[in-house]
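To start, the structure under review is shown below, and the notes come after it.
The values are calculated or read from the model by the stated rules, or taken from the named source; none is laboratory data. Predicted, not measured: the structure shown is a model, and the values here were computed from it. Cβ atoms come from the backbone with ideal geometry, glycine included; neighbour counts cover every protein chain shown.
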Amino acid sequence: MLINILIKFLRKVFDASGEHWDDYDGQIIEVCQFSSNTRKNWNFVIDSLYLLEDVQLAKENFGRFNLSGPTKYDDIGEQYLRLYGIYNACYLEKQAIFKIMKVLGLSFDEARINRLSLFEFRKYFGSHTVNVGHKGYEHSYILDRSTLSNGQIEGYSSNIESGHRSIKGDISAQINEWNNVLEEQLFAVCQFLLERLKAVIGEKASKFGTTFNRIQKLYSKEYFSFGGDIWTENFHAIKISPAQGIHESN
């Protein structure tokens, strides 16, 4: 998954033992352009990266087993736990990328991201289920448990201002939509940090530049997939050519 590659890129940027640093403490502050609270902001970034890595494990498990789980016991209690768990995991992931971008001073459309179906459904069925909205517009939702085994999320509110509202969604499709947006945000962070690395450490950023060029081709769908380590000369990609179809490329 490209998200994991982008996270790995960021982890290598922030690796204090990397050969690209002459003076880690001084140069990383310059790369990130921290003007104050430097240690605190650095920790925000590192902790957010750890969290992003952790959430990928939860999402990969969900991708394999959906809401049913690996036991396949058709246990409705487990399905609820996995529903609450995956919604909250993705919410934590959203908070992590928000924190990284805020600390680095990068702009992003927080309102647009919050309106994604994944986070709307989390609000209805995983966090504010009995107190959606504010003041006189507050209402509640109830989940239809019979659809959970198929990964479908259906429910309704019967005390909304209009009287009744039914909603349904596919949680896997919601996560895929969020993954696409998360890729955009992580790509923007990597691109920003690469330019800052070039400015601060010069030629020592060349390996990052080579790797990011490969990542960019994956991101733009010019490369379909790859084999080997994207950071080494052993890397080879499956390239998409409109004229010649799919073939391998270095």
Identify the residue in region 135-146 that is part of a helix (DSSP H, G or I) and touching a residue at least 12 places away in the same chain (Cβ under 8 Å) and, among all such residues, is farthest from the chain's Cα centre (by Cα). Tyr137
Of (1) closer than 25 Å to Ile215 by Cα; (2) under 23 Å from the mean Cα position of the chain (by Cα); (3) modelled with pLDDT of 90 or more, Glu19 satisfies all except one. Which? (2)
When you look at Glu138, is it over 30 Å from Ile28 (Cα atoms), of a type in the set (Asp, Glu) and surrounded by fewer than 15 Cβ atoms within 10 Å (Cβ to Cβ), yes or no? yes
Entirely in region 24-117, the helices (runs of 4 or more DSSP H) that have 2 or more residues that are of a type in the set (Ser, Thr, Tyr) and under 13 Å from the mean Cα position of the chain (by Cα): 38-65, 76-104
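For (1) of a type in the set (A, V, I, L, M); (2) closer than 23 Å to Glu53 by Cα, each residue gets a yes or a no:
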residue: Leu104; (1), (2): yes, yes
residue: Arg122; (1), (2): no, yes
residue: Phe125; (1), (2): no, no
residue: His139; (1), (2): no, no
residue: Gly155; (1), (2): no, no
residue: Ile167; (1), (2): yes, no
residue: Leu186; (1), (2): yes, yes
residue: Val189; (1), (2): yes, yes
Could you tell me whether region 33-52 includes any residue that is exposed (fewer than 13 other Cβ atoms within 10 Å of the Cβ) and among the hydrophobic types (A, V, I, L, M, F, W, C)? no
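Conditions (1) within 22 Å of Gly151 (Cα to Cα); (2) out of contact with any Asp or Glu (no Cβ under 9 Å at 6 or more places or on another chain); (3) not hydroxyl-bearing (Ser, Thr, Tyr), marked per residue:
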position: Leu52; (1), (2), (3): no, no, yes
position: Phe62; (1), (2), (3): yes, yes, yes
position: Ile76; (1), (2), (3): yes, yes, yes
position: Ala89; (1), (2), (3): yes, no, yes
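The rows are residues; the columns are (1) in contact with a Leu (Cβ under 7 Å, 6 or more places away or on another chain); (2) surrounded by fewer than 15 Cβ atoms within 10 Å (Cβ to Cβ).
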site: Tyr124; (1), (2): no, no
site: Ile142; (1), (2): no, yes
site: Arg145; (1), (2): no, yes
site: Ser158; (1), (2): no, yes
site: Ala188; (1), (2): yes, no
Does at least one position in region 198-220 carry a residue that is modelled with pLDDT under 95, surrounded by fewer than 18 Cβ atoms within 10 Å (Cβ to Cβ), more than 21 Å from Arg11 (Cβ to Cβ) and of a type outside the set (Asp, Glu)? yes
Candidate set from region 147-170 (those that are of a type in the set (Ser, Thr, Tyr) and either part of a helix (DSSP H, G or I) or touching a residue at least 60 places away in the same chain (Cβ under 8 Å) (or both)); member that is farthest from Leu67 (Cα to Cα): Thr147
Loosely packed, with under 14 Cβ neighbours inside 10 Å, free of Cβ contacts under 8 Å to residues at least 40 places away in the same chain, farther than 14 Å from Trp178 by Cα and of a type in the set (D, E, K, R): which single residue out of Asp109, Asp23 fits that description? Asp23
